[in-house]
Amino acid sequence: MTNVIHSSTSSSTPILWRQSAVRIAMAAGGFCLAVCLLLAIDYFRSLRLDPLHSPELAQLKVALGRNPGNEQIKQQIRLLDLELRQAHAEHEALGAKAGWLLLGGAGVLLLAIKYAMYRKKLPRPEKKKYSPGAARRAVVLARSAVVVVAGAVIASVCMLSLRSESNLPSPATKTSAVAKSTNSPAAQAAAPITPYPTPEEIQRNWPRFRGPGGLGISIYTNVPVSWNAKTGEGVLWKSPVPMVGPSSPIVWQDRVFLTGASKTKREVYCYDANTGKLLWQKPVENVPNTSPDPPTVMEDSGGYAASTPATDGRRVYAIYANGNVAAFDFQGNLAWSVGLGLPDNNYGHTSSLTTYQDRLLVLFDQGTGKDGKSRLIALDSKTGKLAWQTEPRPVPNSWATPIVIHTPQNDQIITCGNPWAIAYNAASGTELWRAKVLYGEVVPSPIFAAGLVFTAIDGEKVSAIRPDGTGDVSKSHIAWSADEGLPDICSPLSDNQRIYMLGTYGLLSCYDIQTGKELWEKELELGFHSSPSLAGDRIYLFSDKGVGVVLQAGAEFKELARSDLGEDMLASPAFADGRIYVRGKEHLFCLGKK
Amino acid sequence: MSVSRVLPLQAGPRAAGLVQRLSLGILLFVMTALLSGSAFAVERFPPPDFDPGYKMPVPTMPAPRAIYLEYLDVAVLLAALSLSVYLVLRKRSRSWILGLMLFSLAYFGFWRKGCVCAIGSIQDVMLALFDNGYAVPLTVVAFFLLPLVFTLFFGRTFCAAVCPIGAIQDVMLVRPIKVRPWLEHALGIVPFFYLGAAVLFAATGSGFIICQYDPFVSFFRRSGSVNMLAIGAGFLLVGLIVGRPYCRFLCPYGALLRVVSRFSKWNVTLTPEDCIKCQLCDVACPFGAIREPGPALPEGKPAAPSGTGIEEGNAGPSIKKQASAKAMIGWGVLTVLLMVSCGWLGARSSGFLSYENRTVALAERVAAEAAGKAFVSADTVVPSTVRLSASEQREENLRLASQAFRQTGQPVDELYAAARVARNRFKVGGWLLGAFVGLVIGIKLISLSILPDRTIYEPDRANCVACGRCYTHCPREQVRVKRMQRGKTNPAIPA
Ligand code: SF4
Ligand code: SF4
């Protein structure tokens, strides 16, 4: 495209001068680089100390919001704010000084280089002869180039304008309101623009395994108590699911998402929540860093897609037993995908995904615990890029799903493994506290109720942990613990007064949440893998054979209804306004009143 | 063998190698400067959010610049322009021009921080023409007009040594490469498009894009957004080997000056009477502004480029008139067609372009929310520690703007009506902009078809920025200077 005009350095400048110029240029260049380095270091330091984006400050403000009268938090905020502002002012002052230094250095560098390269006499070019043929070619070339450049500019403006559409109503339509209701279905279905949902949005939906916060609690109290699969009574619709998987359905507004997989194929499904129509079905394929070997899983239960997907209303995220993670937008376009590598897991990866703000959290426990392979990973939910990961976790492969809790001090991610329950700072992934409360193969996920974190595993104990400690809190922060009627697979449930635990062989036990006293125990004579849920004051259990048991939550056992779905199931249900979505072995059911 | 005789033999290539490495060093340094770019960035923070106990400082407003200082700017501009004319056309000295250039860089660039500026003044003048409510300061008008008037008489002497943006690029040039003529022609039309767009946005009161995207102003101020610093650094980086890339391929004021300069009374000339066709001026000019001679006149049988209507073998002094009327009509028709079709496309795109207008953007946002196509969310409960990307930030700003608008309780219809008025202006503007773009393309294509009738190497009136480099290298010019020094000739006023 271009050619160098000046190719030789004339020796007419006295050589010694030229050498000095080269040395000066080198010195000035070194100086500039040093200043740049200083600026770069200061820049990265300033990112951490940015008063507008400081996670610590944000956390303190949340804490203050929950606890408005707390003088100590106020004082902390004042101090931190001042500190950050001072740091920023220092950073700016340094930038201004360094700017001048850089300018000076660059000036000297430029001068010296110019001097070293100065040529008094230019090389004489070869004589050009006018040639009609060459001139004609040049004109044709120039004309085509003009057309290409002009065409490119015009085409890009046109393309951009094609994508934009106007929403302005025509002048004839008069709108008297200032703005229409924001709760219209259309407004809800619209693509949101904030990077992550508000807590209210999350509460209205069922965005992850066991719903908002992973607690198995629905805000809707109008869900059905009984149904009849044979007559179709109380079943709004039933749709076949292309591939099996014990992963549970999740719901966001008018969409239900599922995952399914086989040894070789992995898929995400999106159903219309109102009609049960399969809106899209997308394969997760060509994922970078996918292992050619299939993972070890419990094949008879469909363990290739055991982890429940998660959504933040912007995208839906799925993970499979081979460590592949993928994100799709609500139209089914792949947003990104990454392979985390084949997990070294005895029964296959089952821990489900969860989101925290614009982070996707993956608990990736594997190996023996001594090999340093287990980690909690946070990916940027928009790009899939690694945001942070924890230090190696001192636990072997585990199967529980982490939860994010909000405490007055901070937001914490609670994880379970053998033998530690570990809490991490949700913003940064640094460890906050750990408690030695678990044992063996840890499957039940933790819950958070009445200000306490609950972990439980059969063969060890159920523990109520106060989440305001630091370091090893195994001795200091256990409010109570008990070792009867413990779950082995299903996660516990709480109505904030009591905690309910369900064993795979059907033993349901109930403890007082404050005292840890066992209130009752009941043998349901059914097998369970699905975790219990709470809607209003009713507890919902779904047995392996598809029997739905509805109980009254309370200090005494009281069964309200039993309804048969007629299909085996392992997944936990998802709740929405007036509805329950249940995934059987072959079908997705929507239970609710017509 | 003495040391002094060894040195020259070795030092040459070694020096060259070192210089090359050093050039690489500069690249590295600019890149790193990029990274640390936002180290310069100025940010503003909300005041600490506690109501009791915190005493809000009374905001102080910086006093406006004293009026005499503004007149001083105009006086300096006038003096610099006059001096530039003298140095370019009379003194004909590159060193003096360089000196003035450095002064302008220091004064208009680093001291006045790139504001006030002739390039940006286009927009003020346009806005003032279309919006009666906008009073444009006289100094700005002076900055707009003076360089144009000087160019009309003396060629681009403003670009030579007065414009700080030209100057910063000129001093950055280290080892120029020649841009191929076809590329030069093709990219040379971009400044006109940019000019058209800038006029459209300014005239509709939507924004001053020239200022917004001025790549060098962040260097003059040593502060700016990371993006703009990066773009500026990119231009400077390219400017190490490509002479004045912004001037040649983007500057909208340069586009105006190019047109005006074609009609200038005087301009840079070498020694037209006794050009020996050594082509040294062509080698010396880093801006591709030296034009080659056309076919030899009167002998020879030049063939014309195809499509010009010049018949093969039709030689002689009549070449200029040879472009047959037919072909010219053809080109004319093509240009009109281009103008109409581009105008139509411009009008079609006007809806999209109008999003730059704040009223339109707000009205669209409010309408989208009302139609359920945009998300209306309450204030985020969790304070955001997330850094938003530019487009997300724009969306977020619009969301906040619409929230604020709704709080004012103003009727939506008024907003919609105002947006419709703005949009109609854009429609007309889109037609005009499109037609202008079509015209530029048409004229460029026609001009490419006209065979040059010059017989010597000479600076192109439009593209020559009067930097004076060719003076130093033209052997005939040197002879003329020597002769003049001997007092044998009168200083030649170029005519
Ligand atoms: S062409 Fe270059 S020198 Fe001339 S006005 Fe534009 S930026 Fe300045
Ligand atoms: S004065 Fe004009 S022709 Fe001469 S080198 Fe400068 S830009 Fe090129």
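The values are calculated or read from the model by the stated rules, or taken from the named source; none is laboratory data. Everything numeric here is computed off the predicted structure, so don't read it as measured data. So basically every Cβ, Gly included, is an ideal-geometry build from the backbone, and we count neighbours across all protein chains shown. What goes into the accessible areas is simple: the full protein's heavy atoms, side chains included, and nothing from ligands, DNA or RNA. Shrake-Rupley method; radii C 1.70, N 1.55, O 1.52, S 1.80 Å.
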Show the residue pairs meeting these rules: Cβ distance below 6 Å; 6+ apart or different chains; first residue within the range B:155-177 and within 13 Å of residue B:235 (Cα to Cα); second residue of a type in the set (Lys, Arg). B:169/B:244
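Conditions (1) assigned by TED's automatic domain parsing to the domain that holds residue A:445; (2) under 15 Å from the mean Cα position of the chain (by Cα); (3) at pLDDT below 90, marked per residue:
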| site | (1), (2), (3) |
| --- | --- |
| A:301 | yes, no, yes |
| A:306 | yes, no, no |
| A:309 | yes, yes, no |
| A:316 | yes, yes, no |
| A:337 | yes, yes, no |
| A:350 | yes, no, no |
Scanning the range A:446-499 residue by residue, those out of contact with any Gly (no Cβ under 9 Å at 6 or more places or on another chain), under 22 Å from residue A:211 (Cβ atoms) and open to solvent by 20 Å² or more (accessible area, probe 1.4 Å) turn out to be A:450, A:451, A:496
Of all residues being among the charged types (D, E, K, R) and assigned to a strand (DSSP E or B) in the range A:222-274, which is surrounded by the fewest Cβ atoms within 10 Å (Cβ to Cβ)? Just the residue, please. A:233
Quick one: which of A:50, A:42 is acidic (Asp, Glu), more than 29 Å from the chain's Cα centre (by Cα) and crowded, with 16+ Cβ neighbours inside 10 Å? A:42
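Here is a yes/no grid of residues against (1) more than 16 Å from ligand 1 (Cβ to nearest atom); (2) crowded, with 21+ Cβ neighbours inside 10 Å; (3) at pLDDT 90 or above; (4) assigned by TED's automatic domain parsing to the domain that holds residue B:130:
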residue: B:345; (1), (2), (3), (4): yes, yes, yes, no
residue: B:350; (1), (2), (3), (4): yes, yes, yes, no
residue: B:363; (1), (2), (3), (4): yes, yes, yes, no
residue: B:385; (1), (2), (3), (4): yes, no, no, no
residue: B:392; (1), (2), (3), (4): yes, no, no, no
residue: B:404; (1), (2), (3), (4): yes, no, no, no
residue: B:421; (1), (2), (3), (4): yes, no, yes, no
Here, strands (runs of 3 or more DSSP E) confined to the range A:501-594 with at least 2 residues that are acidic (Asp, Glu) are A:518-523, A:559-564
Of the residues that make up the range A:174-191, is at least one more than 7 Å from chain B (Cβ to nearest Cβ), modelled with pLDDT of 90 or more and open to solvent by 40 Å² or more (accessible area, probe 1.4 Å)? no
Would you confirm, using the coordinates I've provided, whether residue B:195 is part of a helix (DSSP H, G or I), open to solvent by 10 Å² or more (accessible area, probe 1.4 Å) and in the same structural domain as residue B:121 (by TED's automatic domain parsing)? yes
With closer than 24 Å to residue B:261 by Cα, away from chain A (no Cβ under 14 Å) and within 16 Å of ligand 2 (Cβ to nearest atom) as the only criterion, which of B:467, B:474 stands out? B:467
When every residue in the range A:86-123 that is in contact with a Ser or Thr (Cβ under 6 Å, 6 or more places away or on another chain) and either part of a helix (DSSP H, G or I) or open to solvent by less than 40 Å² (accessible area, probe 1.4 Å) (or both) is compared, the one nearest to the other protein chains (Cβ to nearest Cβ) is A:91
Checking residue A:20 against (1) within 30 Å of residue B:177 (Cβ to Cβ); (2) touching a residue at least 24 places away in the same chain (Cβ under 8 Å), only one condition comes out false. Which one? (2)
Residues (in a loop (DSSP other than H, G, I, E, B), open to solvent by less than 40 Å² (accessible area, probe 1.4 Å) and within 16 Å of ligand 1 (Cβ to nearest atom)) located in the range B:448-470: B:460, B:462, B:463, B:464, B:465, B:466, B:467, B:468
Could you list, in sequence order, all residues of the range B:256-271 that are more than 12 Å from ligand 2 (Cβ to nearest atom) and touching a Gly at 6+ places or on another chain (Cβ under 6 Å)? B:264
From A:71, A:83, A:126, which residue is of a type in the set (D, E, K, R), open to solvent by 60 Å² or more (accessible area, probe 1.4 Å) and either closer than 30 Å to residue B:280 by Cβ or touching a helix residue (DSSP H, G or I) at 6+ places or on another chain (Cβ under 7 Å) (or both)? A:126
Determine, yes or no, whether residue A:58 is hydrophobic (A, V, I, L, M, F, W, C) and at the interface with another protein chain (Cβ under 7 Å from one of its Cβ atoms). yes
Return the pairs, sorted by first residue and then second, in which the second residue is open to solvent by less than 60 Å² (accessible area, probe 1.4 Å) and of a type in the set (A, V, I, L, M), the first residue lies in the range A:515-535 and is outside the structural domain of residue A:400 (by TED's automatic domain parsing), the beta carbons are less than 8 Å apart, and the residues are 6+ apart or on different chains. none
Those residues of the range A:470-500 which are part of a strand (DSSP E or B) and among the basic types (Lys, Arg), in sequence order: A:498
Residues located in the range B:411-432, provided they are of a type outside the set (Val, Ile, Thr) and within 10 Å of chain A (Cβ to nearest Cβ): B:411, B:413, B:415, B:416, B:417, B:419, B:420, B:423, B:430
Between B:120, B:109, B:166, which is of a type in the set (Gly, Ala, Ser) and within 10 Å of ligand 1 (Cβ to nearest atom)? B:166
